[in-house]
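These notes are about the structure you will find just below.
The values are calculated or read from the model by the stated rules, or taken from the named source; none is laboratory data. In this text, all values refer to a predicted model and were calculated from it rather than measured experimentally. Here Cβ is always computed from backbone atoms with ideal geometry, including for glycine, and neighbour counts include all displayed protein chains. For accessibility, only protein heavy atoms count, side chains too; no ligands or nucleic acids. Shrake-Rupley method; radii C 1.70, N 1.55, O 1.52, S 1.80 Å.
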There are 2 protein chains.
Amino acid sequence: MKEKLSIVKIGGNIIEDANALNAFLKLFSKLEGKKILVHGGGKRATSIASKLGIESKMVNGRRITDAETLEVITMVYGGLVNKNVVAKLQALNSNAIGLTGADANSITSIKRPVKDIDFGFVGDVKHVAHNAVNKLIQANFTPVFCAITHDGNGQLLNTNADTITSQVAVGMSALYDTSIYYCFELNGVLEDINDKNSVIKQIDTNIYKNLLDKGIIADGMLPKLENCFDALKGGVTNIHMGNTSMLTQENDNFTTITL
Amino acid sequence: MKEKLSIVKIGGNIIEDANALNAFLKLFSKLEGKKILVHGGGKRATSIASKLGIESKMVNGRRITDAETLEVITMVYGGLVNKNVVAKLQALNSNAIGLTGADANSITSIKRPVKDIDFGFVGDVKHVAHNAVNKLIQANFTPVFCAITHDGNGQLLNTNADTITSQVAVGMSALYDTSIYYCFELNGVLEDINDKNSVIKQIDTNIYKNLLDKGIIADGMLPKLENCFDALKGGVTNIHMGNTSMLTQENDNFTTITL
């Protein structure tokens with residue numbers, strides 16, 4: 001039987017709120033077993049870009065990443081956010097090591113081909129070096145990934161943090177019984193988007209089809225769930241979606257997704 | 001007999017010149033055996049701070065690091081410079097992993113006590129976790145340190161890159177036959193500051209005393225050499241100072257310092 005590995009993803013809503021971040025990191029540091037953290041960066045990059053006179057352009061929720069914007073992302077995600085998260089985890093006795101996909105050659109991606117839109121320096125994950133990541137885990141380090149990868153030819157690439165999470169989880173499934181925890185602002189996938197307590201606790205392939213037929217899965221949730229089922233098909237054991245308290249035993253009001 | 005380990009330090013003059021940096025990284029990637037890179041950040045932090053409306057204050061060549069300046073340093077040293085160096089080394093098949101002292105809890109420091117001057121968030125190195133760094137080296141990663149450490153209580157601290165180099169070298173000397181290469185703008189320690197070819201090839205304790213008596217060691221070089229002798233007394237085998245071509249076999253015109 002494979003050892004368990006938890007991969008936890010937090011987004012901008014937690015990163016940008018110092019109290020929420022500190023509370024989350026306490027929960028994360030207490031989470032038992034081997035684990036990996038993946039974080040986005042979000043609005044901090046936008047505000048620093050703005051101060052530097054760089055306009056942020058978004059298309060379908062994705063940042064258009066020109067060379068100047070990539071520099072800001074590298075500074076904010078790879079430096080400011082990642083290193084402060086690592087220092088805070090160290091203070092909680094969690095032996096964190098902060099990474100982009102370039103570090104330890106852990107995540108290689110391909111610059112997104114230009115079709116209708118030129119996303120600029122945005123990468124789609126090609127390969128996760130699970131053995132390299134495992135060397136860090138086996139040395140009792142807790143990898144903390146920011147949303148940056150590289151192309152192997154010296155180019156850093158801005159990469160969606162949800163995708164990094166699922167691809168790292170798929171990669172690590174070769175070695176571990178892998179669970180993903182997507183922490184976000186909702187309590188889980190909701191039956192009624194206007195009722196925050198209408199959490200659908202279990203979703204599997206059949207239930208998912210049924211929810212799609214009923215039109216219950218809203219636009220924003222659709223790509224997230226498609227991404228989840230891709231990860232499960234890739235070998236991930238189960239995926240949890242909810243607020244950060246799902247990392248504790250006290251909260252069982254979140255969504256668990258399996259095949 | 002201990003295995004050899006080379007610790008190479010580059011400063012702002014190389015970091016800030018894309019051609020010089022690329023040329024250096026080629027040499028570094030070809031350097032045989034286990035190795036560590038340490039880099040400063042320099043003027044890039046000053047120019048980005050200036051764009052963000054933060055004034056850089058220097059006293060005796062050291063940056064006064066208030067909270068805003070520390071954020072810029074964390075962005076520039078830990079993000080922009082470090083991650084681009086790592087990506088470039090990966091393209092040269094050097095399996096680099098970028099670190100601050102917070103990562104892997106590798107370098108702990110103490111916030112400098114306020115005497116005449118309040119340096120702000122500046123750290124003096126207290127402890128190098130040589131076993132943690134060695135886990136990375138043994139896993140065939142090449143650590144790339146930027147000039148940031150942490151206090152173990154969640155606070156990042158701006159730390160002199162020369163000091164990080166010598167302290168990491170002293171720490172690693174417990175496990176390795178350790179050499180330092182300080183790459184800088186001169187060809188070595190000069191007998192005549194106005195003659196760039198007047199390199200003093202060998203300096204030991206006796207020669208050093210003699211040079212001091214003669215007044216040959218200039219102000220800027222004095223703390224560097226004091227730092228070198230401290231490192232040698234701490235167990236470092238030898239220290240080389242010169243331009244980056246000293247990493248090749250072709251150049252023997254640089255300064256080597258031993259006890």
Where along chain B is the Cβ that lies nearest the axis linking it to chain A, and how many Å separate them?
B:G79, 1
Which aspartates and glutamates have a Cα lying under 13 Å from the Cα of A:K35, excluding residues fewer than 8 positions away in the same chain?
A:E3, A:D177
Using a/c under 1.5 as the rounded threshold, could you call segment B:19-102 rounded, prolate or oblate? The axes a ≥ b ≥ c are square roots of the C-alpha gyration tensor eigenvalues, and prolate needs a/b larger than b/c, oblate otherwise.
prolate
To the nearest Å, what is the center-to-center distance of segment A:45-81 and segment A:162-191, using C-alpha atoms only?
25 Å
For segment A:184-259: relative contact order, % (alpha-carbon pairs under 8 angstrom, 6 or more apart)
44 percent
Work out how far the C-alpha atoms of the protein assembly as shown reach from end to end along every principal axis, then list the three figures in whole Å, largest first.
89, 50, 47
Quick one: what Rg and Dmax do you get for segment A:64-103 from the alpha carbons, in Å?
12.1, 38
Using just the helices of the protein assembly as shown, give the 222 nm mean residue ellipticity in deg cm²/dmol: DSSP H runs with n ≥ 4 each add -39,500 (n - 2.57), and the total is spread over all residues, rounded to 500.
-9500 deg cm²/dmol
Sort shortest first the distances from B:D116 to its counterpart in every other copy, using label points 7 Å along the Cα-to-beta-carbon line, and give them in nm.
6.6
Could you grab the relative contact order for segment B:107-184? Cα pairs under 8 Å, six or more apart, rounded to a whole percent.
30 percent
Per residue, how large is the accessible surface of segment B:59-109? Use a 1.4 angstrom probe and give square angstrom.
25 Å²
Rounded to the nearest 5, the percent of DSSP beta bridges in the protein assembly as shown running antiparallel is 35 percent
Give me the net charge for the shell around A:N253: Cβ to Cβ below 15 angstrom, other residues only, Lys and Arg +1, Asp and Glu -1.
-4
Between B:V59, B:V85, B:V76, find the one with the highest GNM mean-square fluctuation for chain B; connect C-alpha pairs within less than 10 Å.
B:V59
First check a/c for segment A:6-162, with a ≥ b ≥ c the square roots of the eigenvalues of its C-alpha gyration tensor; if it is under 1.5, answer rounded, and if not, answer prolate when a/b is larger than b/c or oblate otherwise.
oblate
Can you list the aspartates and glutamates whose alpha carbon is less than 13 Å from that of A:K135, not counting same-chain residues fewer than 8 positions off?
A:D103
Which shape class, rounded, prolate or oblate, goes with segment B:184-259 when its Cα gyration tensor gives a ≥ b ≥ c as root eigenvalues, a/c under 1.5 marks rounded, and past that a/b bigger than b/c marks prolate?
oblate
Rounded to the nearest 5, what % of the DSSP beta bridges within chain B are antiparallel ones?
35 percent
When Cβ neighbours within 10 Å are restricted to other protein chains, what is their mean count per residue of peptide B:146-152?
3
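May I ask you to give the percent of accessible area on segment A:150-253 that is carbon plus sulfur, with a probe radius of 1.4 Å?
Percent of accessible area from carbon and sulfur atoms in segment A:150-253: 44.
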Which distances in nm, rounded to one decimal and ordered from shortest, link the label point of A:K51 to the equivalent label points in the other identical copies, with labels set 7 Å from Cα toward Cβ?
1.2
DSSP beta bridge pairing in segment A:155-259, given as percent antiparallel to the nearest 5
35 percent
Using a cut-off of 13 Å between alpha-carbon atoms, which aspartates and glutamates can reach B:K233, once sequence neighbours fewer than 8 places away in the same chain are excluded?
B:D204
Using a 1.4 Å probe and counting only protein heavy atoms, how much accessible surface gets buried when B and A come together, both sides summed, in Å² to the nearest 100?
2900 Å²
With the label set 7 Å along Cα→Cβ, A:P223 is separated from its counterparts in the other copies, in nm and shortest first, by 5.0
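With an 8 Å Cα cut-off and a minimum separation of 6 or more residues, compute the relative contact order for chain B in percent. The partial results should precede the final answer.
Working: 502 pairs, mean separation 54.6, N = 259.
Contact order relative to length: 21 percent.
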In Å², and per residue, what accessible area does segment A:184-259 have when probed at 1.4 Å with the other protein chains present?
54 Å²
